[in-house]
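Trainee: Structure incoming, see below.
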Amino acid sequence: MTATEQKDTSRATIRIEWWPTVAFFVGLVLLYIGERAIGDPARVRLGVDVAAGLAMAAGLVGRARSLTQARDPNHRRAESWILIAMVLVLAGLGLYFLFALGREWLRSSLGKAFDRTDGVAAVLWPALVLLGALPLVAMQRALSAMTDGHGHAEHIEIRRVSYSAHSGATVGLVLIFCFAINYVAGELNKKVDLARFRSTRPSPATIKVVQNLNKPIRAVIFLPSANEVREQIEPYFKDLSQQSGRFTYEVVDHALSPQKARDLSATGNGLIVLGVPDEKNPTQMSQREILHVGTTLETAASALQTFDGDVQKRLLLLTRPGRIAYFTVGHGERGMDRFTLDLTKEDLRAPMSLLQQILQGQGYEVRSLGVGQGLANKVPGDAGIVFIAGPTERFLAEEVNALRSYLEGGGHIFLMFDPMAEGPAADLQPLLQAVGVKFHATLLCNDENYWPRTHQKSDFANIAAVSFSSHASMTTLSRASGRVALVLPRSGWFERDGTTPPGVQLDFTIRSMPKTWEDANHNFTFDKEEKQQVFDLAVAAHKSVGDAKDKKEMRLAALGSVDAMSDLVLGHRPNLVLALDTIKWLMGDEAIAAEVAQEQDLPIVHTRAEDKAWFYLTVFLMPTLILFGGLFYIRRVRRRRAS
């Protein structure tokens, strides 16, 4: 045999042992089972721990033996690295057992420094285990890949082993960093909500409802202790309880509190009972509302999407019961059916179903009011608000007199006009005269700031408004004046009608954008004889009536566009906020006016110039950029291949 053949044979006899690593990890798994899974009885636990120690000791001895027998320098370096990784794991386990078994001795020895040292040890020992175990696995895997399948290797690629060790250490450091961030966040009790919709967090409107509670409210949440739905909703009620001492909550398990469940008529977990505690027996509730959520995220998904609104609705039902909203009928007003494109219907105008849902969500009972319900005589005494939603047919004089008497007697009216219906607008003028206002049933247009619904010239009548007064009915919008846009399709306008009556406080709350004009001939084109200016689109007026013993306040809100409150645009958040804040002001609830939780897509308001810019950008600019970018890339590739 030649010297070269002897050298090749010696190189081919490098033995890579894998059993020490397997024994070491078997011991590690047994140790975990003994400490975490078994616990008691102590005799069994001790036996498993001893077996784990023997397995790990065997692995350590086997690895040390491989190191002493290694003749190749690279093999010795690899074996020494693996041995160091094992020692790191054992150091971490030693630290764990030191504080687990010698806790009392360490407490007496370290004194006040024990708590801090114990915290450091609780973080350090798992870090050492990770920084030893992960590189150990990676290096053993790299060495095994260099063998011929029978444990023999011709040579050791030390760079490959080093790279594997670094990779394992990197993964370990990343895990340690994640655990550290989680630990710090848990200790600081700080949460970051990255959800797009936060319906399981109290909205400003719900917070204000709780801050202005007129009676104690208690919430009882029936959910088990370890539950994913509970994790979602318990912080919601915790936040509310911090807003007012009149709001309290508790979480109970239905199976563990059967008597409380029977008292509150709770049939199982997954329910939330909101109620007013009984003055004589605080454990009972004189009034209560039940909200169903479910016990799993799958069953609770739909309820959690509207959770804030549902809770707010029930709070209002408990604290402000018996409120009734009347909608006048019989004069071509907008209907309450959901908006559907049905060409067989006689009335294709956008209905008011969303406004009705908003009222019901605020605790109102919605009823109709027409001649059949006594409107020709008087408005019912239980009326909280009367809505007049864009009538297109004439009113009887008796009906108008009844509405005016109701208003001047301390009533609340929300009047929405259709500028295409001049007759009803003239009939309802006495209501506006009571507060010194006149309505002009003339269509307004703007060809620069509008809502492009059909991309026809008629879209110029879908005007936008960004200027709002500081009136209480504009509580939310006034904070964003100039930054959000109301959409007012087909709107008329208001102006003062002589001198304001004594005692009436009048405010024009919404103003159009500049370059808006009256389109008298309905051609949606600005003609020379027409004038561009700023128009008042809404008005709010109130006046105190009655004596000191029976003091009331008449309140009137008038809007020049009934479509602004219709299903056509009420999904647009500024319009929704306008509806909510106006209703709350009319009922004297302006203290709880605020933005509500909203999960609907919003229409985008563009100017005419912006529409042109988007058109040219998408039709010409982007395809041109893609074309030239592709040509540049192909040319570059061809040059590279040629070189």
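The values are calculated or read from the model by the stated rules, or taken from the named source; none is laboratory data. Bear in mind that the values here come from a model prediction, so they are computed numbers and not experimental data. Don't worry about glycine lacking a Cβ; one is built from the backbone with ideal geometry, like all the others, and counts go over all protein chains shown. Protein only, heavy atoms only, side chains kept; ligands, DNA and RNA dropped before computing areas. Shrake-Rupley method; radii C 1.70, N 1.55, O 1.52, S 1.80 Å.
Trainee: Is it true that Arg555 is basic (Lys, Arg), touching a residue at least 40 places away in the same chain (Cβ under 8 Å) and open to solvent by less than 30 Å² (accessible area, probe 1.4 Å)?
Mentor: It is true that Arg555 is basic (Lys, Arg), touching a residue at least 40 places away in the same chain (Cβ under 8 Å) and open to solvent by less than 30 Å² (accessible area, probe 1.4 Å).
Trainee: Mind listing whichever residues of the range 391-416 are part of a helix (DSSP H, G or I) and not aromatic (Phe, Trp, Tyr)?
Mentor: Residues satisfying the conditions are Ala397, Glu398, Glu399, Val400, Asn401, Ala402, Leu403, Arg404, Ser405, Leu407, Glu408.
Trainee: Among the numbered conditions (1) modelled with pLDDT of 90 or more; (2) polar (S, T, N, Q); (3) open to solvent by 20 Å² or more (accessible area, probe 1.4 Å), tell me where Asn575 comes up short.
Mentor: The number of the failed condition is (3).
Trainee: Taking Ala520 as the residue in question, decide whether it is out of contact with any His (no Cβ under 9 Å at 6 or more places or on another chain), under 23 Å from Leu428 (Cα atoms) and not in a strand (DSSP E or B).
Mentor: yes
Trainee: A further question on this structure: Could you look through the range 281-315, keep only residues that are of a type in the set (Ser, Thr, Tyr) and open to solvent by 70 Å² or more (accessible area, probe 1.4 Å), and pick out the one that is nearest to the chain's Cα centre (by Cα)?
Mentor: Thr306
Trainee: Now for a separate question. Which residue pairs have Cβ atoms under 8 Å apart, sit 6 or more places apart or on different chains, and have a first residue in the range 163-180 that is surrounded by fewer than 15 Cβ atoms within 10 Å (Cβ to Cβ) and a second that is at pLDDT below 85 and part of a helix (DSSP H, G or I)?
Mentor: Ala180/Val123
Residues are listed down the side, and each one gets a yes or a no for (1) open to solvent by less than 50 Å² (accessible area, probe 1.4 Å); (2) touching a Ser or Thr at 6+ places or on another chain (Cβ under 9 Å); (3) without any contact (Cβ under 8 Å) to a residue 40 or more places away in the chain:
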residue	(1), (2), (3)
Ala219	yes, yes, no
Glu228	no, yes, no
Glu231	no, no, yes
Tyr236	yes, yes, no
Gln242	no, no, yes
Pro258	no, no, yes
Arg262	no, no, yes
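Trainee: Same structure, new question: I'd like to check something: does the range 578-592 contain any residue that is outside any helix (DSSP H, G or I), out of contact with any His (no Cβ under 7 Å at 6 or more places or on another chain) and at pLDDT 60 or above?
Mentor: Taking every residue of the range 578-592 in turn, at least one turns out to be outside any helix (DSSP H, G or I), out of contact with any His (no Cβ under 7 Å at 6 or more places or on another chain) and at pLDDT 60 or above.
Trainee: Within the range 106-117, does at least one residue satisfy the condition of being over 44 Å from the mean Cα position of the chain (by Cα), acidic (Asp, Glu), modelled with pLDDT under 85 and loosely packed, with under 15 Cβ neighbours inside 10 Å?
Mentor: The answer is no; no qualifying residue exists.
Trainee: Moving on. In the range 439-454, how many residues are open to solvent by 40 Å² or more (accessible area, probe 1.4 Å), under 20 Å from Leu570 (Cα atoms) and not β-branched (Val, Ile, Thr)?
Mentor: Of the residues in the range 439-454, 1 are open to solvent by 40 Å² or more (accessible area, probe 1.4 Å), under 20 Å from Leu570 (Cα atoms) and not β-branched (Val, Ile, Thr).
Trainee: Mind checking which residues of the range 359-390 are hydrophobic (A, V, I, L, M, F, W, C) and not in a loop (DSSP other than H, G, I, E, B)?
Mentor: Leu359, Val366, Leu369, Val371, Ile385, Val386, Phe387, Ile388, Ala389
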